[in-house]
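Here is the structure we will look at.
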Amino acid sequence: MQGHDLPLLNGWQRGFPLCAAPFDVLGQALGRSSSDVIATCQRLRDAGVLGRIGAVFAPGAFAEVPLATRNELEANRQANQRIDEQVGPR
């Protein structure tokens with residue numbers, strides 16, 4: 001692991017951007033290019049440091065799922081699909 005990997009890993013454990021270009025958002029926040037962020041994620045995944053990029057939900061969080069949450073889940077599913085397309089399958 002390199003020194004500039006820690007802010008990428010720790011800084012985005014919560015609040016990962018759910019948008020069309022999440023790696024652009026991460027890169028801008030970290031002062032790096034999106035291609036550098038993607039390459040770092042690939043390197044860390046290949047080294048076994050990073051297992052996956054995706055949402056983790058609290059147990060019982062879906063007892064009652066309002067429409068807004070369903071829309072957020074769909075946005076998250078689409079974001080995860082785009083991440084897999086950019087970084088590669090898990």
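For segment 70-88, a residue qualifies if it is of a type in the set (A, V, I, L, M) and either under 15 Å from Asp24 (Cα atoms) or touching a Gly at 6+ places or on another chain (Cβ under 9 Å) (or both), and the qualifying residues are Ala79, Ile83, Val87. Taking segment 13-29, which residues are over 10 Å from the mean Cα position of the chain (by Cα) and buried (at least 17 other Cβ atoms within 10 Å of the Cβ)? Answer for segment 13-29, where residues must be over 10 Å from the mean Cα position of the chain (by Cα) and buried (at least 17 other Cβ atoms within 10 Å of the Cβ): Val25, Gly27. Selection of first residues in segment 22-39 that are without any contact (Cβ under 8 Å) to a residue 24 or more places away in the chain and of second residues that are surrounded by 15 or more Cβ atoms within 10 Å (Cβ to Cβ) and of a type in the set (S, T, N, Q), restricted to Cβ pairs under 6 Å at least 6 apart or on distinct chains, gives the following pairs, ordered by first then second residue: Asp24/Ser34; Gly27/Ser34.
Residues in segment 12-54 that are part of a loop (DSSP other than H, G, I, E, B), under 20 Å from Ala75 (Cβ atoms) and not basic (Lys, Arg): 11 in all.
Just give me the residues in segment 4-15 being without any contact (Cβ under 8 Å) to a residue 40 or more places away in the chain and in contact with a helix residue (DSSP H, G or I) (Cβ under 7 Å, 6 or more places away or on another chain), in sequence order. So that I can check it myself, show each step before the final result.
Taking segment 4-15 and keeping what is without any contact (Cβ under 8 Å) to a residue 40 or more places away in the chain, we get 4, 6-8, 10-15.
Passing the criteria: Pro7, Leu8, Trp12.
Each reported figure results from applying straightforward, stated rules to the coordinates on display, with no laboratory input. Quick caveat: nothing in here was measured; it's all calculated off a predicted structure. Heads up, the Cβs are rebuilt from the backbone with ideal geometry, glycines too, and the neighbour counts pull from every protein chain shown.
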